[in-house]
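The structure under discussion appears below in the form of structure tokens.
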Amino acid sequence: MNNEQLRKIIYNGQLHQLPASAQSIELTNLVLSLVEQCFGPDYRNAQFELTPDEFFDKTIDVKQRVYSSEAVREATAKLVVQHGFNPDETLLDPARIRFSKHDGDLSPAAAVVYQAHRDTWYANPQAQINWWMPLHDVSEDETFCFYTEYFSRSVKNTSHEFDFETWMREVGFGRSQNSKPGAYPLPTEDFGTNTPPEKFSLKQAEVLLFSGAHLHQTLPNRSGKTRLSVDFRTVNRLDMARNIGAPNVDNHSRGSAALSYMSLAEEHGK
């Protein structure tokens, strides 16, 4: 399929898996090299070898290194272009690394991370496509799940309290300790499902594409090791301008996260 067709099926709620490629492997290796600089080669067991504060400080360090790395941004851009996304039409939110600790859901400070949500509740565009890739093989019990029957059904939530400018000023991504009202949009009803949530597994450097409007939820990690992954987002600016994208069934957030995204053309041309 061409890129327009790919975007369309994702806007319609389809999950799309990409095989590992030279570009995704390059991105994975770049991020892992930054991880090893901070944690050493046994990074998946570091949470058991460091104090909680030491582990937290090192994860913040790695997150900053990955987010600001020019090499990571260039590799991300090459991966996106490889799959037919037009650099002149595409906005890119830089890659971020995520750490999901073994038994991390048992920490009260991190509880909000394990709540079901749509990324669009965080003022992300309806035309947003999420790219998610693991830094090692992952089973379906250590990733996250999708409530696919709610892609076009509303869930009562607190997205009306979310303002992107306030979020960036007072909270910022990666700071789950903040519990101010409206900081993290959450469901306010116990939504039921007629079908089991959809789960997935991936090999290292494989990529899952999905709409930012999908209702999804991080699963508790009981693997005995920390799970590491990288994700980033793309938005076709023409689709966004024409209100082409996933259906908006319950998003009432204010502002636009896309204002902070960069041009793919600028990143790909470096």
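The values are calculated or read from the model by the stated rules, or taken from the named source; none is laboratory data. Everything numeric in this text was worked out from a predicted model, so none of it was measured. No Cβ is skipped: glycine too gets one built from the backbone with ideal geometry, and neighbour counts run over all protein chains shown.
The table below gives the values:
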item	result
Unique match (being modelled with pLDDT under 95 and either more than 28 Å from residue 141 (Cβ to Cβ) or under 19 Å from the mean Cα position of the chain (by Cα) (or both)) among 207, 171, 249, 230	171
Number of the condition not met by residue 20 [criteria: (1) within 16 Å of residue 96 (Cα to Cα); (2) assigned to a loop (DSSP other than H, G, I, E, B); (3) among the hydrophobic types (A, V, I, L, M, F, W, C)]	(1)
Unique match (being in contact (Cβ under 8 Å) with a residue 24 or more places away in the chain and touching a Phe, Trp or Tyr at 6+ places or on another chain (Cβ under 9 Å)) among 201, 256	256
Selected residue (criterion: farthest from the chain's Cα centre (by Cα)) from residues of the range 68-113 that are among the hydroxyl-bearing types (Ser, Thr, Tyr) and surrounded by fewer than 17 Cβ atoms within 10 Å (Cβ to Cβ)	107
Residue check for residue 224: surrounded by 14 or more Cβ atoms within 10 Å (Cβ to Cβ), among the small types (Gly, Ala, Ser) and more than 17 Å from the chain's Cα centre (by Cα)	no
Residues of the range 190-232 that turn out to be under 28 Å from residue 172 (Cβ atoms) and acidic (Asp, Glu), as a count	1
Inter-residue pairs, beta-carbon under 9 Å, first under 15 Å from residue 218 (Cβ atoms) and in contact (Cβ under 8 Å) with a residue 12 or more places away in the chain and in the range 128-139, second of a type in the set (S, T, N, Q) and assigned to a strand (DSSP E or B), 6+ apart	130/211; 130/234; 132/229; 134/229; 138/229
Criterion violated by residue 58 - all others in (1) touching a residue at least 24 places away in the same chain (Cβ under 8 Å); (2) touching a helix residue (DSSP H, G or I) at 6+ places or on another chain (Cβ under 7 Å); (3) not polar (S, T, N, Q) satisfied	(1)
